[in-house]
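Visitor: My structure is below; once you've seen it, I'll send some questions.
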Amino acid sequence: TMSSSKALLVLENFIAGKFVPCSSYIDSYNPSTGDIYCRVPDSGKEEVEAAVRAAKDAFPIWSSKSPLERSQILNKLADLIEHDLEAFAQAESKDQGKTVTFARTVDVPRAVYNFRFFASSILHHTTECTEMAAVGCLHYTARTPVGIAGLISPWNLPLYLLTWKIAPAIACGNTVVAKPSEMTSVTAWMMCKLFGKAGIPHGVVNMVFGMGSKAGEAIVCHPDVPLISFTGSTLTAQRITEKSAPHCKKLSLELGGKNPALVFDDADLNQCIPATVRSSFANQGEICLCTSRIFVQRGIYNEFLKKFVAETKKWKVGNPSDPTVDVGALISKEHLEKVRNYVKKAQAEGARILCGEGVDSLALPAGNEKGYFMLPTVITEVKDESCCMQEEIFGPVTCVVAFDTEEEVIERANGVKYGLAATIWSSNVSRVHRVAQRLQSGLVWTNCWLVRDLNLPFGGMKASGVGREGAKDSYEFFTEVKTITIKH
């Protein structure tokens, strides 16, 4: 075919301020066509060792810069990414399968904002001081960077989630060895080209590309990397916890979700329906905060279902660069298969598929027939014990079920191993506060979804993770605190 004879993009690791070729490579696919689109270094221990050495060498200079100096450099980097916003958006879409519109309006602006936000917040953190006059002692705290931060980011929001880690890590004075997902490494590699221009000294940010099982593991097991921030699956996080335990590392783990929406009969459906369709299917449902269990109070259940399905059917699936398309391609052939299998299991268990996979036919434009596409799918009449209601599907699939009482829905919403995000739809203020208090969830949105203030803690409970990140929380995670006592 034409496409495979075209020269492929070949990425290189970025170590000590230089691009370094690798001895072996992994193929990365364009999810919207099914063709190989680029080659990603298949790094391992050796490459990670070189990156750690570079990060170690850069640490004294970078950590001794003032917060203001680091802040200016972060702002410069933000300006450079923003200047190339369109190129980043196109690349992110091609590599990940998301629509160009989503990359252009969500992923890349948020990556820019991550740097600006931490460039600002780093200037406003203060330490504590207490006095014990009776014994003539003064106590105060000092915070210092931890050292080398190992940052491992996923494939769903590649640049967005990578910069959410890099920005606070370097703002606090740490140096970094980062590993993006091997499936979506292109925008990370593009960003490396801007580090020098932004004034980031060599070795402050090192990018090692490759597999989690090889490159990721080498970072996690390295004795000179005291801190790991990881976003990804609960299964991988268990392995990271085991491997890092002998080294007593600091961990921040942002894992999956099985996020409920609780729609009470006094919900404003004109707002609730479009927002809940979005919270179910945005970015092909590949966001850890997506809604995948929708509990609707019986009084409005039938009306909700009818409107929800009608609204879902309006979402257009197709070529990610088409501005009229709402849903792009899923990340990989394997992932598409996995998501489809959940729908098949639900059907086998007697659930009803109201629209989407296996019910409606999907016509794809020429050139996209081999891509990994799937229609937004709505499942109903599914039991709470079903794997579709218990496990994270991470695709454009959502389940809608009825409930009767507030007490019952809280118990059912909490009845999964995850606890990342939840949404409540109700116009009763006291109910909103009451229910929010009792949901086992790191984030609770009411009458909205995905409205984020980066000042506030982000993270989950139960199997959804360990730790929180946000202005204050990231600062605390990426620094070590010491208490100093002076007797005078």
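Visitor: Using the structure shown, decide if Arg293 is touching a strand residue (DSSP E or B) at 6+ places or on another chain (Cβ under 6 Å) and surrounded by fewer than 16 Cβ atoms within 10 Å (Cβ to Cβ). Even if it seems obvious, please write down each step before you answer.
Guide: Details: touching a strand residue (DSSP E or B) at 6+ places or on another chain (Cβ under 6 Å): yes; surrounded by fewer than 16 Cβ atoms within 10 Å (Cβ to Cβ): no.
For Arg293, the condition - touching a strand residue (DSSP E or B) at 6+ places or on another chain (Cβ under 6 Å) and surrounded by fewer than 16 Cβ atoms within 10 Å (Cβ to Cβ) - is not met.
Visitor: Another question about this same structure. Go through the residues of region 310-324 one by one and say whether even a single one is in a helix (DSSP H, G or I) and either of a type in the set (Lys, Arg) or buried (at least 21 other Cβ atoms within 10 Å of the Cβ) (or both). I'd like the intermediate steps shown before the answer.
Guide: Kept after step one, since they are in a helix (DSSP H, G or I), are these residues of region 310-324: 310-313.
This time we only want the ones that are either of a type in the set (Lys, Arg) or buried (at least 21 other Cβ atoms within 10 Å of the Cβ) (or both), so: 312-313.
There is at least one residue in region 310-324 that is in a helix (DSSP H, G or I) and either of a type in the set (Lys, Arg) or buried (at least 21 other Cβ atoms within 10 Å of the Cβ) (or both).
Visitor: Cβ-Cβ distance below 9 Å, separation of 6 or more or different chains: which pairs start in region 322-337 with a residue that is basic (Lys, Arg) and end on one that is modelled with pLDDT of 95 or more and surrounded by fewer than 24 Cβ atoms within 10 Å (Cβ to Cβ)?
Guide: Close Cβ pairs (under 9 Å, with a partner that is modelled with pLDDT of 95 or more and surrounded by fewer than 24 Cβ atoms within 10 Å (Cβ to Cβ)) amount to Lys333/Tyr29; Lys333/Gly34.
Visitor: Okay, next question. Can Ile424 be described as under 24 Å from Asp266 (Cβ atoms), outside any strand (DSSP E or B) and either open to solvent by less than 20 Å² (accessible area, probe 1.4 Å) or in contact with a Ser or Thr (Cβ under 6 Å, 6 or more places away or on another chain) (or both)?
Guide: Numbers: under 24 Å from Asp266 (Cβ atoms): yes; outside any strand (DSSP E or B): no; either open to solvent by less than 20 Å² (accessible area, probe 1.4 Å) or in contact with a Ser or Thr (Cβ under 6 Å, 6 or more places away or on another chain) (or both): yes.
Judged against the criteria, Ile424 is not a match.
Visitor: Just for region 137-153: of the residues that are under 19 Å from Thr127 (Cα atoms) and surrounded by fewer than 20 Cβ atoms within 10 Å (Cβ to Cβ), which one is farthest from the chain's Cα centre (by Cα)? Steps first, answer last, please.
Guide: In the first step, residues of region 137-153 are kept if they are under 19 Å from Thr127 (Cα atoms); the result is 137-146.
Within this subset, residues satisfying the condition of being surrounded by fewer than 20 Cβ atoms within 10 Å (Cβ to Cβ) are 137-144.
Values: Cys137: 45, Leu138: 42, His139: 39, Tyr140: 36, Thr141: 32, Ala142: 31, Arg143: 27, Thr144: 27 Å.
Per the stated criteria, the residue is Cys137.
Visitor: Of these, Leu305, Leu255, which one is under 30 Å from Gly150 (Cβ atoms) and either open to solvent by less than 50 Å² (accessible area, probe 1.4 Å) or not basic (Lys, Arg) (or both)? Please lay out each step first, then the result.
Guide: Numbers: Leu305 fails: under 30 Å from Gly150 (Cβ atoms).
Matching residue, one of Leu305, Leu255: Leu255.
Visitor: Take Ala215 and tell me if it is free of Cβ contacts under 8 Å to residues at least 40 places away in the same chain, assigned by the TED database to the domain that holds Ile15 and in contact with a strand residue (DSSP E or B) (Cβ under 7 Å, 6 or more places away or on another chain).
Guide: On the way: free of Cβ contacts under 8 Å to residues at least 40 places away in the same chain: no; assigned by the TED database to the domain that holds Ile15: yes; in contact with a strand residue (DSSP E or B) (Cβ under 7 Å, 6 or more places away or on another chain): yes.
For Ala215, the condition - free of Cβ contacts under 8 Å to residues at least 40 places away in the same chain, assigned by the TED database to the domain that holds Ile15 and in contact with a strand residue (DSSP E or B) (Cβ under 7 Å, 6 or more places away or on another chain) - is not met.
Visitor: Just checking, does region 335-344 include any residue being of a type in the set (A, V, I, L, M) and touching a strand residue (DSSP E or B) at 6+ places or on another chain (Cβ under 7 Å)? Walk me through it before giving the result.
Guide: First, pick out the residues of region 335-344 that are of a type in the set (A, V, I, L, M): 336, 339, 343.
Then drop every residue that is not touching a strand residue (DSSP E or B) at 6+ places or on another chain (Cβ under 7 Å), which leaves 339, 343.
Yes, region 335-344 has at least one match.
Visitor: Take the conditions touching an Asp or Glu at 6+ places or on another chain (Cβ under 9 Å), of a type in the set (S, T, N, Q), over 20 Å from Ala169 (Cβ atoms) and open to solvent by 10 Å² or more (accessible area, probe 1.4 Å) and apply them to Thr276. Does it pass?
Guide: no
Visitor: With the requirement that a residue be within 28 Å of the chain's Cα centre (by Cα), crowded, with 20+ Cβ neighbours inside 10 Å and without any contact (Cβ under 8 Å) to a residue 60 or more places away in the chain, what does region 349-372 give you?
Guide: Gly356, Glu357
The values are calculated or read from the model by the stated rules, or taken from the named source; none is laboratory data. Small disclaimer: the values here were computed from a predicted structure and weren't measured. Cβ sites come from the backbone with ideal geometry, for glycine too, and all protein chains shown count toward neighbours. SASA here: full protein model, heavy atoms, side chains in, ligands and nucleic acids out. Shrake-Rupley method; radii C 1.70, N 1.55, O 1.52, S 1.80 Å.
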